[in-house]
Amino acid sequence: MEGEVAIFCTDGTGGRWSSDPLLRRCGWALARVRGPAGAPTAGYRGTTSGAAFGALPGQRQTVPRSELWAIIQVLRRTRGPVTVYTDHSNFPRLYGYGPGHQHTSNSDLWSDFWEAHGRRPGVSLKWVPSHVDTIDKYLAVDIEDHVLIGNHVADELAGKGAALHELSQH
């Protein structure tokens, strides 16, 4: 719809060997979600309306890089107003500093982020808690269902992205 704000959930993961920096290969994912007004009525993935995932490019394989790469992919694939939910709690805060901020880590990707952003109006970056997978966790958060489902879908797909270039242990 014209003027509709697109809503995406993003995620990144270090994959099977996340705790081993020598073996770690990261994946990223994004999932477009629709709120209750546009949501189909059937199924667990009923509120997702599109998704993408892949392997994090480059030699530096860290989870924060894969999370930021996923956000960049949303900005590169959309036009107009967009809200991006991330479970990386620092990114909404760092985004708030604006394009003039000197980032001490992942500055190359932050440059890519601001290039993709293009100073367009209507872009917001929000935090969503990760791994809300029990009723206790669900009841403890005040986040709309479609966003929690989108985050879960992005989490699953990021794992598939990491598996695309996973190394064997030997």
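Sorting Leu75, Leu164 by accessible area (1.4 Å probe), largest first, what list results? List each step's numbers first, then the result.
On the way: Leu75 5, Leu164 115 Å².
Result, largest first: Leu164, Leu75.
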Sorted by accessible surface (1.4 Å probe, heavy atoms of the protein chains only), largest first, Arg25, Arg79, Arg65 come out as Arg79, Arg25, Arg65
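The values are calculated or read from the model by the stated rules, or taken from the named source; none is laboratory data. From a predicted model like this one, the values you see are computed outputs, not experimental measurements. Note: accessible area is taken over every heavy atom of the protein model, side chains too, but ligands, DNA and RNA are not part of it. Shrake-Rupley method; radii C 1.70, N 1.55, O 1.52, S 1.80 Å.
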